[in-house]
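Novice: A single structure is presented below for examination.
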Amino acid sequence: MSLSDPFTLCIVTLVAMSLLGLPIGHAMIGASILYLYAAGLDMGTAAEQLLNSMFTSYTMLAVPLFILAAELMNSGSMTIRLLNFCNALVGRFRGGLAQVNILQSLIFAGMSGSAIADAAGMGKMMQKMMTENNKYTPSFAASLTAVSAVMAPILPPSIPLVIYSLVSNASIGFLFLAGILPGLLIALSQMVIVAWSARRQNFPTEAPVPVRKLPGITMRALPALMLPVVLLVGLRGGVMTPTEAAAVAAGYALVVSAIIHRDVGLREFFASLLSAGRMTASVGMLIAGAMVFNYVVTVENIPASLSAFLLSFELTPLTFLLLVNLVLLLLGCLLEGTTIILVIVPVLVPTAQALGIDMVHFGIVVVFNVMLGLITPPYGLLLFVVARVSGAPLRDIVRDTMPFLMGMFVALAIITFIPSVVLFVPRLFGYSG
């Protein structure tokens with residue numbers, strides 16, 4: 001292949017523009033337009049694909065609405081109330097504040113849709129709390145923040161799972177249900193490692209919350225705790241579509257923050273809209289670029305060619321999943337998760353379907369791999385984010401991350417090789433896969 005080949009020229013241009021610092025969404029659009037020009041195709045097709053991908057997908061509306069729900073929760077006191085609830089549950093145990101870090105990620109469940117955003121937002125607050133008065137080392141607080149942020153997008157509601165459903169046609173409702181047990185498994189592995197580390201390193205305990213105060217703390221956190229329940233019941237009960245569920249999440253967060261808690265006024269609401277708009281524009285440009293680039297990939301018949309190539313090796317579902325794990329873990333060290341799901345996964349889906357791999361199970365494996373790649377040395381993007389936020393040396397963060405990484409690799413193996421762990425809850429709700 002040479003630069004005279006349109007697709008080769010497209011790939012080289014994409015890589016070059018990315019290395020020069022152009023946002024990946026813009027780079028994909030620019031490289032795709034160059035491909036259309038070099039191949040003698042109508043360059044207006046790029047605009048057509050961009051508009052079709054952004055404005056004809058009803059499901060796509062779920063993304064900005066979930067982002068707005070997260071912003072509204074963070075602008076009011078819902079976040080603090082949840083933290084107080086988590087502290088009341090596990091703060092009294094040795095290493096309790098570290099357990100609170102994990103539990104808050106479990107409850108917030110990736111409402112921002114990005115592990116990196118979770119680590120830089122709520123994670124920053126948790127790191128500050130953990131390092132006050134030298135309770136924990138900055139590197140341990142940073143590493144725990146990174147690994148707990150990885151867990152969140154597996155759980156419902158999850159924007160990475162929404163985006164995966166767009167490229168695979170898997171049911172969003174069943175994907176949300178499928179993420180519950182794997183998410184709990186990951187949280188359990190992290191809590192066990194924290195408990196083990198607490199005994200070895202004599203981590204501090206927090207002042208126990210009197211039992212008589214627990215009902216009041218729980219009641220104050222109850223509106224926030226009920227949000228995932230409302231969404232799952234609505235989705236599986238057929239009351240709402242995924243996009244309507246996202247609108248309900250945003251409306252619910254607004255009502256709780258502005259009317260029940262009364263800590264979000266017009267100024268805070270406007271600020272939340274602006275912040276959600278900026279994040280939506282960033283994610284939207286990435287999705288638009290990926291859809292244009294996917295058109296190029298489809299024109300080149302890459303998915304079918306790769307599927308035929310892989311099937312020629314007579315791969316079993318098990319060996320294919322092992323290969324997918326390896327590829328996605330490596331890519332996760334270098335690229336943001338949304339990019340991988342939009343660009344790489346559509347190429348893998350036809351082979352997975354040909355091998356009879358369940359698309360809901362495959363979705364959880366894909367998203368977990370992509371998130372896990374963010375904390376895999378030496379180039380895990382999330383490691384650099386928490387290093388910048390905490391100021392701790394990267395080598396110390398990597399060292400403290402390793403025990404958690406080993407536990408999460410075990411969880412990944414269980415999720416990959418025992419599909420029933422992923423599909424148990426969806427099957428309770430009528431999934432036939």
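The values are calculated or read from the model by the stated rules, or taken from the named source; none is laboratory data. Note that the structure is a prediction, hence the values are computed from the model and not measured. Note that we place each Cβ from the backbone using ideal geometry, even for glycine, and neighbour counts take in every protein chain shown. Side chains are part of the model used for accessible areas, which takes the heavy atoms of the whole protein and leaves out ligands, DNA and RNA. Shrake-Rupley method; radii C 1.70, N 1.55, O 1.52, S 1.80 Å.
Novice: For segment 28-77, how many residues are more than 30 Å from V264 (Cα to Cα), aliphatic (A, V, I, L, M) and modelled with pLDDT of 75 or more?
Specialist: 12
Novice: Now for a different question. Quick one: count up the residues across segment 325-347 that are in a helix (DSSP H, G or I) and either at pLDDT 90 or above or touching a Pro at 6+ places or on another chain (Cβ under 8 Å) (or both).
Specialist: 6
Residue-wise test of (1) outside any helix (DSSP H, G or I); (2) surrounded by 21 or more Cβ atoms within 10 Å (Cβ to Cβ); (3) hydroxyl-bearing (S, T, Y).
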{"position": "V162", "(1), (2), (3)": "no, yes, no"}
{"position": "A170", "(1), (2), (3)": "yes, yes, no"}
{"position": "F174", "(1), (2), (3)": "no, yes, no"}
{"position": "L177", "(1), (2), (3)": "no, yes, no"}
{"position": "G183", "(1), (2), (3)": "no, yes, no"}
{"position": "I186", "(1), (2), (3)": "no, yes, no"}
{"position": "M191", "(1), (2), (3)": "no, no, no"}
{"position": "V194", "(1), (2), (3)": "no, yes, no"}
{"position": "A198", "(1), (2), (3)": "no, no, no"}
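Novice: Quick check: is even one residue across segment 358-365 at pLDDT 85 or above, assigned to a loop (DSSP other than H, G, I, E, B) and either among the β-branched types (V, I, T) or touching a helix residue (DSSP H, G or I) at 6+ places or on another chain (Cβ under 7 Å) (or both)?
Specialist: Yes; the residues of segment 358-365 include at least one that is at pLDDT 85 or above, assigned to a loop (DSSP other than H, G, I, E, B) and either among the β-branched types (V, I, T) or touching a helix residue (DSSP H, G or I) at 6+ places or on another chain (Cβ under 7 Å) (or both).
Novice: Take the residues in segment 414-427 that are over 19 Å from the mean Cα position of the chain (by Cα) and more than 13 Å from V360 (Cβ to Cβ), then tell me which one is most open to solvent (accessible area, probe 1.4 Å).
Specialist: The residue in question is F417.
Novice: Same structure, new question: Would you confirm whether or not segment 352-367 contains a residue that is among the polar types (S, T, N, Q) and either closer than 26 Å to T145 by Cα or open to solvent by less than 10 Å² (accessible area, probe 1.4 Å) (or both)?
Specialist: The answer is no; no qualifying residue exists.
Novice: Just checking, how many residues over segment 242-271 are open to solvent by less than 50 Å² (accessible area, probe 1.4 Å), within 21 Å of I159 (Cα to Cα) and hydroxyl-bearing (S, T, Y)?
Specialist: Matching residues across segment 242-271 total 1.
Novice: Could you identify the single residue in G332, G363, G391, G380 that is in contact (Cβ under 8 Å) with a residue 24 or more places away in the chain and within 17 Å of L166 (Cα to Cα)?
Specialist: Only one candidate passes the filter, namely G363.
Novice: Answer yes if at least one residue in segment 88-99 is under 20 Å from the mean Cα position of the chain (by Cα), modelled with pLDDT of 80 or more and either part of a loop (DSSP other than H, G, I, E, B) or surrounded by 24 or more Cβ atoms within 10 Å (Cβ to Cβ) (or both), and no otherwise.
Specialist: Scanning segment 88-99, I find no residue that is under 20 Å from the mean Cα position of the chain (by Cα), modelled with pLDDT of 80 or more and either part of a loop (DSSP other than H, G, I, E, B) or surrounded by 24 or more Cβ atoms within 10 Å (Cβ to Cβ) (or both), so the answer is no.
This table checks each residue for (1) in contact with a Ser or Thr (Cβ under 8 Å, 6 or more places away or on another chain); (2) over 21 Å from A69 (Cα atoms).
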| position | (1), (2) |
| --- | --- |
| V194 | no, yes |
| A198 | no, yes |
| L214 | no, yes |
| V230 | no, no |
| Y252 | no, no |
| L286 | yes, no |
| F293 | yes, yes |
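Conditions tested, residue by residue: (1) farther than 30 Å from G30 by Cβ; (2) part of a helix (DSSP H, G or I); (3) not β-branched (V, I, T).
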residue: F203; (1), (2), (3): yes, no, yes
residue: L231; (1), (2), (3): yes, yes, yes
residue: V239; (1), (2), (3): yes, no, no
residue: A246; (1), (2), (3): yes, yes, yes
residue: L254; (1), (2), (3): yes, yes, yes
residue: F270; (1), (2), (3): yes, yes, yes
residue: L274; (1), (2), (3): no, yes, yes
residue: G277; (1), (2), (3): no, yes, yes
residue: I287; (1), (2), (3): no, yes, no
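Novice: Shifting gears a bit: Starting from segment 141-169, take each residue that is within 29 Å of M291 (Cβ to Cβ) and free of Cβ contacts under 8 Å to residues at least 40 places away in the same chain and list its partners that are assigned to a loop (DSSP other than H, G, I, E, B) and open to solvent by 10 Å² or more (accessible area, probe 1.4 Å), counting only C-beta distances under 7 angstrom and pairs at least six apart or across chains.
Specialist: If the second residue must be assigned to a loop (DSSP other than H, G, I, E, B) and open to solvent by 10 Å² or more (accessible area, probe 1.4 Å), no pairs are left.
Novice: Please determine whether any residue of segment 302-312 is open to solvent by 60 Å² or more (accessible area, probe 1.4 Å), touching a residue at least 24 places away in the same chain (Cβ under 8 Å), farther than 26 Å from L34 by Cβ and among the hydrophobic types (A, V, I, L, M, F, W, C).
Specialist: Scanning segment 302-312 turns up at least one residue that is open to solvent by 60 Å² or more (accessible area, probe 1.4 Å), touching a residue at least 24 places away in the same chain (Cβ under 8 Å), farther than 26 Å from L34 by Cβ and among the hydrophobic types (A, V, I, L, M, F, W, C).
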